[in-house]
Amino acid sequence: MDEYEDGERLQKTLARAGYGSRRACELLIDAGRVTVDGRVAKLGNRVDPDRSLICVDGIMAPTAPNNVYYLLNKPAGVVTTADDPQGRPTVLDLVTSSARIFPVGRLDMNTEGLLLLTNDGRMAHLLTHPSSGVDKEYLVRVQGDPTPGAIRRLREGIELEDGMTAPASVSRVSDGLLRIVIHEGRNRQVRRMCSAIGHEVIRLVRTRIGPIHDATLPPGSSRQLSLAEIRKLMDTVGVVDFSDTTMHP
Ligand code: URA
């Protein structure tokens, strides 16, 4: 564990992140449930909330006060990049933040729906890592009405030019409208899957990212995630693998 003699007392950092009173956080530390940079913390430890990797029960805790997390309902026609050389509107034009945020993963220009933006590189890395298994749900309007057999093919895996897709959860909502849940994040994956069964996508909307959903967020609007949502997200990406040195920038 890095020693931060001038750092903040660990229980104060944990209390600010929503783990209860300072006293309750002392009990968590005393019970050996808190690690800092991979080592079990002790009462009296001080941390740098911006740099120390703090976990409770093996799950990363949202302790860095300068980390921000936004949820944007991206409209069609906006590109998911921090800077577009062609000068098109970008998702960053839609989120007002003084922090240097960036999008987590990407949605195609014509895809709508939920997109996370953050300045937390560690979290973004975990969320986009193929092994994170965070599922993403899409509502997909396609041409025609896929048969049960075509839907089964989507479910079981489709051969695309970059290999088979993993099993997906697919249901028919109504005539020509599918709900597809995937946990891979390949380029234009949903569009290519539907195209492979002969049903081009007419409209694609992401409605959920792991535990995060919000049907009331208007297109083009964004909001910060609540502490409860951040913790759910961290819970979803799961136990931090300390052997992965890329998590210790
Ligand atoms: N799948 C796609 O085809 N496009 C997206 O933007 C997201 C998932």
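No value in this document is a laboratory result; all are computed from the given coordinates. In this text the structure is predicted, and so the values were computed from the model without any measurement. Positions of Cβ are backbone-derived with ideal geometry, glycine not excepted, and every protein chain shown enters the neighbour counts.
Based on alpha-carbon centroids, what's the gap between the range 165-222 and the range 47-76 in Å, whole number please?
26 Å
In whole Hz and in residue order, list the ³J(HN,Hα) couplings for the range 195-202 that follow from phi through the Karplus curve 6.51 cos²θ - 1.76 cosθ + 1.60, θ = phi - 60°; x for Gly and Pro.
Residue by residue, the range 195-202 yields 4, 5, 9, x, 10, 5, 7, 9 Hz.
Go through the range 62-72 residue by residue and turn each phi into a ³J(HN,Hα) via Karplus (6.51, -1.76, 1.60, θ = phi - 60°); whole Hz please, and just put x for glycine and proline.
So the J values, rounded to whole Hz, are x, 9, 6, x, 8, 7, 10, 9, 10, 10, 10.
Taking a ≥ b ≥ c as the square roots of the Cα gyration tensor eigenvalues, with a/c under 1.5 meaning rounded and otherwise prolate when a/b beats b/c, else oblate, which class fits the range 136-209?
In terms of gyration-tensor shape, rounded.
Excluding same-chain residues fewer than 8 positions from K232, which aspartates and glutamates have a Cα within less than 19 Å of its Cα?
The qualifying aspartates and glutamates are D57, D120, D135, E137, D214, D241.
Find the Rg to Rh ratio for the chain, where Rh is the Kirkwood radius over alpha-carbon pairs and Rg uses the same atoms.
Reported Rg/Rh (Cα atoms, Kirkwood Rh): 1.04.
To the nearest 10 degrees, how steeply does helix 227-237 sit against the main Cα axis of the chain, on a 0 to 90 scale?
70 degrees
When the chain is fully extended, how far beyond the present Cα-Cα distance does N187 get from R39, taking 0.36 nm per residue of separation?
Full extension from N187 to R39 adds 49.5 nm.
Sequence gap at least 6, Cα distance under 8 Å: using those rules, report the relative contact order of the chain to the nearest whole percent.
Once normalised by length, the contact order is 20 percent.
Work out the length of the dipole vector of the range 151-211 about its Cα centre, built from +1 on the beta-carbon of each Lys and Arg and -1 on the beta-carbon of each Asp and Glu, and round it to the nearest 20 debye.
280 debye
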